[in-house]
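Reading through the structure tokens given below for one structure.
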Amino acid sequence: MTGRTATLIGATGLIGSHLLQLLEADNYFSTIRLLVRRPFKASSSRTEVKLVDFADHESYRLGIYGSDAVFCAVGTTQKKVKGDMDAYRRVDYDIPVRAAQFCALSGCRHFSLVSSVGANSSAGNFYLKLKGEVEDEVRKQSIQSIAVFRPSILLGNRNESRPAERIGQIAMQALSFAFVSKLSKYKPIHAHQVASAMLHAAKEQSSGFKVYEYGEIRKLFEV
């Protein structure tokens, strides 16, 4: 055991739940810290759960403090926020951006962010524009190693029902053979592979800001 601490935001999500399993099965980090809004039962003695009010900057900052690596896999849907775009932004923008800011302030060496393929702050689409704005703000932070993951449609079983997403998964899997190299970044990918790639990136801690799309994610997963 090395004394390293990994902090995970979004442990109940599709990628986050896979990442938690990988962290608990791996001894690289001796402490796994989960920042959650609601009570969560940990399955490992190495995992500590911290209830955090993400709107309370001091509470959030203390949750990040002492981390060697922070993984942010948080996200919401329009259904969850009932179409309230301000509420959507508070989750998908405020939480990851503040996490990166607190990482920089506390000297955390690595920050991993789940974004989306097509993220661009100049995009006309609300979702892709928001993801791009998050990336832009994260890039500005003085963190030694920043890894941004841009998966397309995620494969895997969620705890919640998303019928439209499931239909998209099936359709994209059926058509994935047709993607030429320039469009390969849009191929569906299993959440477990993204989570595994995130863990590998945290161990490598390549200096600077690096973006991982389908091909890069698969390479890291296969390491």
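The values are calculated or read from the model by the stated rules, or taken from the named source; none is laboratory data. All figures in this text were calculated on a predicted structure; none of them were measured in a lab. FYI the Cβ positions are ideal-geometry reconstructions off the backbone, even for glycines, and counts take in every protein chain you see. Only protein heavy atoms, including side chains, enter the accessible area calculation; ligands, DNA and RNA are left aside. Shrake-Rupley method; radii C 1.70, N 1.55, O 1.52, S 1.80 Å.
List of remarks:
- The single condition among (1) exposed (fewer than 14 other Cβ atoms within 10 Å of the Cβ); (2) within 22 Å of Asp136 (Cα to Cα) that Ser30 does not meet is (2).
- Matching residues in segment 1-40 - criterion: being over 18 Å from the mean Cα position of the chain (by Cα) and either at pLDDT 95 or above or under 20 Å from Ala191 (Cα atoms) (or both): Arg4, Ala25, Asp26, Tyr28, Ser30, Thr31
- For segment 186-214, the candidate set comprises residues that are more than 26 Å from Gln141 (Cα to Cα) and part of a helix (DSSP H, G or I); within that set, the residue that is modelled with the lowest pLDDT is Tyr186.
- Wholly within segment 1-65, strands (runs of 3 or more DSSP E) carrying at least 3 residues that are closer than 21 Å to Thr76 by Cα and in contact (Cβ under 8 Å) with a residue 60 or more places away in the chain: 5-9
- Qualifying positions in segment 33-60 - charged (D, E, K, R), open to solvent by less than 80 Å² (accessible area, probe 1.4 Å) and more than 16 Å from Gly16 (Cα to Cα): Arg46, Asp56
- Flag for Cys103 being under 15 Å from the mean Cα position of the chain (by Cα), on the phi < 0 side of the Ramachandran plot, modelled with pLDDT of 95 or more and not aromatic (Phe, Trp, Tyr): yes
- When the criteria are applied in full, Ser43 fails the requirement of being out of contact with any helix residue (DSSP H, G or I) (no Cβ under 6 Å at 6 or more places or on another chain) and modelled with pLDDT of 95 or more.
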